[in-house]
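Engineer: Pasting a structure below so you can have a look.
What follows is calculated from the coordinates using simple rules that are stated; it is not laboratory data. Note that the coordinates shown come from a computational prediction; the quantities given were computed from them, not determined experimentally. Quick reminder, even Gly has a Cβ in these numbers, built from the backbone with ideal geometry, and neighbours come from all protein chains shown.
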Amino acid sequence: MPILSKEEARQIIDKVLSFSKADELSANLSGSRRGNIRYARNAVSTSGESDNLSLAITAVFGKKAGTATINEFDNASLEKTVRRAEEIARLAPENPEYMPMLGPQQYLDPQTFADSTAKIDPDFRAQATFDSIDPCRKKNLTAAGYMEDTTGFSAIGNSKGLFGYNKATNVDFSVTVRTADGTGSGYARPDFTDVGKLNTRSTTEVAMQKALASVNARALEPGKYTVILEPTASVELLQNMMRSMDARSADEGRSFLSKKGGGTRQGERLFDERVTIYTDPMNSELPLSPFGGGGGGGGGRFGGGGGNDGLPQEKTTWIENGVVKNIPHSRYWADKKGVKPIPGPAGFIVQGGNQSLLDMIKGTEKGILVTRLWYIRAVDPQTLLYTGLTRDGTFYIENGQIKFPVKNFRFNESPVIMLNNLEALGKPVRSGGNLIPPMKIRDFTFTSLSDAV
Amino acid sequence: MGAGSLLLPSLPAFSRTVAPEALLEPGLDVSVKKRLADAALNAAKSKGATYADVRIGRYLNQFVITREDKVENLINTESFGVGVRVIADGCWGFAAIVDARSETDMAKAAEKAVSIAKANATLMKTPVQLAPQKGFGEVSWKAPIKTNAFEVPIKEKADLLLTANSAALKNGANFVNSQLFLVNEQKYFASTDGTYADQDIHRIWPTFTVTAIDPKTGKFETRQALSAPMGMSYDYLQANPTDKITGITTRYNMGYDILEDITAAAKQAKQKLSAKSVEAGKYDLVLDPSHTWLTIHESVGHPLELDRVLGYEANFAGTSFATLDKWESKNFQYGSKLVNFFADKTQPNSLGAVGWDDEGVETQRWDLVKDGILVNYQAIRDQVHIIGETHSQGCCYADSWSSVQFQRMANVSLAAGKTPLSVAEMIKDVEKGVYIIGDGSFSIDQQRYNFQFGGQLFYEIKNGQIVGMLKDVAYQSNTREFWNSCVAVCDQRDFRLGGAFFDGKGQPMQSNAVSHGSTTARFKGVNVINTARKI
């Protein structure tokens, strides 16, 4: 089993550190077990499981760093790998931006691990898949889906006395349901820390309902529309925006957060005043790793966002009431600017309201319900303009009711403009490792029609 | 990243960081690989497999990453292991083992694959129908490289990028990021059909982005490299004058001059800052091969993958508008009569070139669209019966020994025009147009109808003359409408390859490298949008 306990991990890391002859040495030990099952045309196509346990050792002389990795843990192998990392470091070019390793840190203790997820086995995956395919077969619909579960741990230690350990689980399920004649398509994609919250049958029923409701879509003229974006639709646009927040590129003048004449737009109101976006590793719906790095995979639960140096992840507000409050600063850039380093968000929460999606539809006179956006690509990094398309169920709303399905649109829109044209926010739900509310946006720009279903 | 897209740099699974010297160490001797492979094949057969194949893979990567005057990162990795795929009880099973070096390991992997196949067989409605394939015996294939980039001292490679960065900064760039990606796949394939194929594949991609900033307006513009990722090695960086295509800016064929390109890029990024913002409307597009490869990739390569057509990628990359009935009709006009697309896994120096695919099929060239009509797809051994073929086209690929092989895109190219036509002659005929060089932003729907593409350099054409630089350009069209608007294709003299180094598909996602060739082509009356916004 590749999941080591905190004490087992500490023993290996301590042993590694004892072999060091370098100025500084760090060890990142991580292990994971990943299982997956994939199906299409109402039948399983592939399934698999893989274990991985590996140790990365970074040795530093002055400002020269070298890394070597290994997956054997006897003393001789560990010592050999320390020597190899030291050798690579000696030959490496000097990195003028190298930052000395961190000393001991205080970490939060989020509940990123669920036993139920760690216990998933091939039978569980097969049953989950059957529960998704079965209702589709009965209604002459075609399901294609994928479930991936990850259980992992990540431990970090260095010669300055830092030590951190975290154990995490995640399950990600997605399903696309199409009508037999290919004229309707629906999608659903939940993700959880605890698989006990996942019901593949009811999730599939959401996609089935969308597939059936999207048949015989009518064409509307492209243009500016009021839209309701389900979290599955807005998540990627918001993620792209959050990933683009970086102090260095803003200071360098090549970011949407660059200020004309120099500096960043931190402190400026860039969005509607109802927009507040923050990260909180202790949130019970979205627990995140207490430090960056260490591998293990699976995004923020395992230690994503913010390098592999053990910088603590803390509660951080990025945007507060429409004002840019904090911008991620790497340790190098923070040192240069004389500010506190802030690791990038591993997952984020968009503060919402209490309205359900249905309430939002009821309160809409004319608009379009967008359930998913697809193939989103940057068009202009200066304005964060993105293009992409609606997919798997797009509907016209009139007088508080869904009237009919509409053909898919291509959009060209910036999340910055979108979050200025905010009409209403609903209750946040977990989507793609974030908590995102359904959002009602006016003047969302659709530029052309697509025949795709 | 979305499927059918281009991934950011990715490393094969289970890669471990090694010293650069380790990349020069020889892999296992071919006789050892054969012995190991036979152990797996025999174990699979004895456990009841009716077919088995083994891939013993050693995957080497070296990435050199710089910005301005600094080497930001040097990455050297090696991944070694074995993947065994079997058919038992009519169903596929697959298992992989990292660092497998003994006959016992091989037998274990084979047995696990058989047991998975048998377990999954209970869920199968119809058994796998595998196209027969003759065995080729012990064969080998090696990319025809002249200089192995892994043998070039790492300092020389880093210095080349830093010299290029310095040239960019001297010529007006405010920032520059450059990278060199090198890959060597050492693959050994064996199957119960009797093929033992030892192959050595090399890939290289030197690339950069320069940024120019106007502090007065707070605007910035970028220009990326006009290099192509190639199935070559360091020889690609040793350009001869004959590899250069001169014109409004120099473009490259089988050799790339990074210093020349980055110097031009710095000047052009600056020029873009004051370029005219395009007026939205209909234009004739003149598309350079450094741009067109991506439009071919998205609107021809992907929709003609048979697994997409059948629905196997429905949950992720999507399906395809090019359904079987359109192919069966024999009169589906994919493009104008000038449009001929071919798939080719033998194209010299291309990313997809190889001797045998990952299920032991000898590679080949075949037509996809002939005189504008859809005539074929890309399919592998368990699919070809669906399109009435008895022999696979040889486009099965796995990105690692630890991944299951599946249908991947072959090199798909637009054939050169048969009538002599140069780029200058083509431009002379254009009244109102935009000449686009380099690939930029790209997006297409899940059935490959509606797309939008940007580029690196845009030039306005008026009455047969290039009159200046444009910016904020993107074009939107529909696959069939677009290829039917193709009114001219330059001749073979202009044929060049572009390509994707990291093309993503599947769940879990796998990366594939694929080239797309074309000559400059003209498209009539395409919808151009203006992408400038204010925030």
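Engineer: Could you order peptides B:206-216, A:311-321, B:235-245 by the average number of other Cβ atoms within 10 Å of their residues, highest first?
Structural biologist: Numbers: B:206-216: 20.6, A:311-321: 18.6, B:235-245: 16.3.
Those peptides, ordered most packed to least, come out B:206-216, A:311-321, B:235-245.
Engineer: If you fit an axis through the alpha-carbon atoms of helix A:6-18 and take the longest principal axis of the Cα set of chain A, what angle between them do you get, 0 to 90°, nearest 10?
Structural biologist: 40
Engineer: Give me the inter-chain shielding for B:470-477: mean count of other chain Cβ atoms within 10 Å, whole number please.
Structural biologist: On the way: counts 0, 1, 3, 0, 6, 0, 6, 1.
Counting other chains' Cβ atoms within 10 Å and averaging over B:470-477 gives 2.
Engineer: Which value in deg cm²/dmol, rounded to the nearest 500, describes the helix-derived mean residue ellipticity at 222 nm for chain A, given -39,500 (n - 2.57) per DSSP H run of n ≥ 4 and division by the residue count? Let's see the in-between values first.
Structural biologist: Details: 10 runs with 100 residues, N = 453.
-6500 deg cm²/dmol, from helical runs alone.
Engineer: Could you give me the ³J(HN,Hα) list for segment B:451-457, computed from phi with Karplus coefficients 6.51, -1.76, 1.60 and θ = phi - 60°, whole Hz, x at Gly and Pro?
Structural biologist: 9, 9, 10, x, x, 9, 10
Engineer: Length gain on complete extension for the stretch B:SER274 to B:GLU25, per 0.36 nm per residue less the alpha carbon to alpha carbon distance?
Structural biologist: Values: separation 249, 0.36 × 249 = 89.64 nm, distance 5.15 nm.
Net length gain for the segment: 84.5 nm.
Engineer: Please list the non-local residues whose amide H lies under 5 Å from the amide H of A:GLN355, H modeled 1.01 Å from N, same-chain partners needing a gap of 5 or more.
Structural biologist: Those qualifying (amide H under 5 Å, at least 5 residues apart or on another chain) are A:LYS427.
Engineer: What average count of beta carbons from other chains do you get within 10 Å of the Cβ of residues in B:305-317?
Structural biologist: On the way: counts 0, 0, 2, 0, 0, 2, 8, 7, 4, 14, 16, 7, 2.
Mean partner-chain Cβ count within 10 Å for B:305-317: 5.
Engineer: As an exercise, take the mean of 1/r over every pair of distinct alpha carbons in segment B:253-408, invert it, and state the Kirkwood radius in angstroms. Could the numbers behind the result be given before it?
Structural biologist: Working: mean 1/r = 0.0546 Å⁻¹.
Kirkwood radius, segment B:253-408: 18.3 Å.
Engineer: Also: Relative to the longest principal Cα axis of chain B, at what angle does helix B:103-121 sit, 0 to 90 degrees, rounded to 10?
Structural biologist: 80
Engineer: Could you sort out which of B:LYS282/B:LYS534; A:LYS197/A:LYS407; A:LYS160/A:LYS337; A:LYS167/A:LYS440 sit more than 31 Å apart by Cα distance in this structure?
Structural biologist: Working: B:LYS282/B:LYS534 24 Å; A:LYS197/A:LYS407 33 Å; A:LYS160/A:LYS337 24 Å; A:LYS167/A:LYS440 37 Å.
Too far apart for the 31 Å limit: A:LYS197/A:LYS407; A:LYS167/A:LYS440.
Engineer: With bins 5 Å wide starting at 0, give me the P(r) of segment B:277-530 over every alpha carbon pair, in whole percents.
Structural biologist: The percentages, shortest bin first, are 1, 7, 13, 19, 19, 16, 11, 7, 4, 2, 0, 0.
Engineer: Continuing with the same structure: What pairs in B:LYS47/B:LYS108; B:LYS267/B:LYS428; A:LYS64/B:LYS157; A:LYS64/B:LYS155; B:LYS134/B:LYS505 have C-alpha atoms more than 23 Å from each other?
Structural biologist: Working: B:LYS47/B:LYS108 11 Å; B:LYS267/B:LYS428 26 Å; A:LYS64/B:LYS157 18 Å; A:LYS64/B:LYS155 14 Å; B:LYS134/B:LYS505 29 Å.
Over 23 Å Cα-Cα: B:LYS267/B:LYS428; B:LYS134/B:LYS505.
Engineer: Let me ask another. Taking amide hydrogens as modeled 1.01 Å from N in the peptide plane, which residues meet the under 5 Å criterion relative to A:VAL406, leaving out close sequence neighbours?
Structural biologist: A:ARG218, A:THR394, A:PHE395, A:TYR396
Engineer: Next up: What shape does segment A:74-153 take by its C-alpha gyration tensor, where a ≥ b ≥ c are the square roots of the eigenvalues and a/c under 1.5 counts as rounded, a/b above b/c as prolate, and the rest as oblate? Numbers along the way, then the final one.
Structural biologist: Numbers: a/c = 2.85, a/b = 2.59, b/c = 1.10.
Taking the square roots of the gyration eigenvalues as a ≥ b ≥ c, segment A:74-153 is prolate.
Engineer: Would you mind ranking B:LEU374, B:LEU130 so that the residue whose beta carbon has the fewest other beta carbons within 10 Å leads the list? Working shown, then result.
Structural biologist: Numbers: B:LEU374 25, B:LEU130 20.
Ascending number of Cβ neighbours within 10 Å: B:LEU130, B:LEU374.
Engineer: Could you list A:ASP272, A:ASP109 so that the one with the fewest beta carbons within 10 Å of its beta carbon is first and the one with the most is last?
Structural biologist: Details: A:ASP272 16, A:ASP109 10.
The fewest-first ordering by Cβ neighbours comes to A:ASP109, A:ASP272.
Engineer: Here's a follow-up. Quick one: which residues, 5 or more positions from A:SER448 or on another chain, have an amide H under 5 Å from its amide H? H modelled 1.01 Å from N in the peptide plane, none for Pro or chain starts.
Structural biologist: Long-range HN contacts for A:SER448: A:ARG410.
Engineer: Can you tell me the alpha carbon radius of gyration of the protein assembly as shown divided by the globular rule-of-thumb value 2.2 N^0.38 Å? Before the final figure, lay out the partial values.
Structural biologist: Numbers: Rg = 27.2 Å, N = 988, 2.2 N^0.38 = 30.2 Å.
For the protein assembly as shown, the normalised Cα radius of gyration is 0.90.
Engineer: Give the order of A:LYS366, B:LYS524 when sorted by the count of other beta carbons within 10 angstrom, beginning with the fewest.
Structural biologist: Details: A:LYS366 11, B:LYS524 16.
Lowest count first: A:LYS366, B:LYS524.
Engineer: Give, to the nearest whole percent, the P(r) tail of chain B beyond 47 angstrom, counting all Cα pairs. All intermediate terms of the calculation are to be shown ahead of the outcome.
Structural biologist: Details: 17866 of 142845 pairs.
Here the tail beyond 47 Å accounts for 13 percent of pairs.
Engineer: Where nothing but the Cβ of Lys and Arg (+1) and of Asp and Glu (-1) is charged, how large is the charge dipole of segment A:3-62 around its Cα centre, in debye to the nearest 20? Kindly include the intermediate steps, with their values, before the conclusion.
Structural biologist: Numbers: 8 positive and 7 negative charges, 74 e Å.
Here the size comes out at about 360 debye.
Engineer: With n ≥ 4 as the cut-off for DSSP H runs, can you work out [θ] at 222 nm for chain B, using -39500 (n - 2.57) per run divided by the number of residues, rounded to the nearest 500?
Structural biologist: Values: 9 runs with 99 residues, N = 535.
Theoretical 222 nm ellipticity from helices: -5500 deg cm²/dmol.
Engineer: Once the mean 1/r over all distinct Cα pairs of segment A:306-393 is inverted, what Kirkwood radius in angstroms do you read off? Intermediate values should be presented prior to the final figure.
Structural biologist: On the way: mean 1/r = 0.0589 Å⁻¹.
The Cα-based Kirkwood calculation yields 17.0 Å.
Engineer: Right, another one. On C-alpha positions alone, give me the angle between the axis of helix A:122-138 and the longest principal axis of chain A, in degrees, nearest 10.
Structural biologist: Approximately 10 degrees, to the nearest ten.
Engineer: Using just the alpha carbons, could you tell me how many Å³ per residue the convex hull of chain A encloses?
Structural biologist: 146
Engineer: Which ³J(HN,Hα) values in Hz, rounded to whole numbers, follow from the phi angles of segment A:325-341 under the Karplus curve 6.51 cos²θ - 1.76 cosθ + 1.60, where θ = phi - 60° and Gly and Pro get x?
Structural biologist: Values, residue by residue: 9, 9, 10, x, 10, 5, 4, 5, 5, 4, 5, 5, 8, x, 10, 6, x Hz.
Engineer: Determine the shielding of peptide A:47-59 by partner chains: average, over its residues, the number of Cβ atoms on other chains within 10 angstrom of each Cβ.
Structural biologist: Working: counts 6, 9, 2, 7, 1, 4, 0, 5, 1, 2, 1, 1, 0.
Average neighbour count from other chains, rounded to a whole number: 3.
Engineer: Sticking with this one: Could you derive backbone 3J(HN,Hα) for segment B:307-321 from the dihedral phi with the Karplus parameters 6.51, -1.76 and 1.60 (θ = phi - 60°), listing whole Hz in sequence and x where the residue is Gly or Pro?
Structural biologist: 5, 5, 4, 7, x, 5, 10, 4, 7, 9, 5, x, 10, 8, 6
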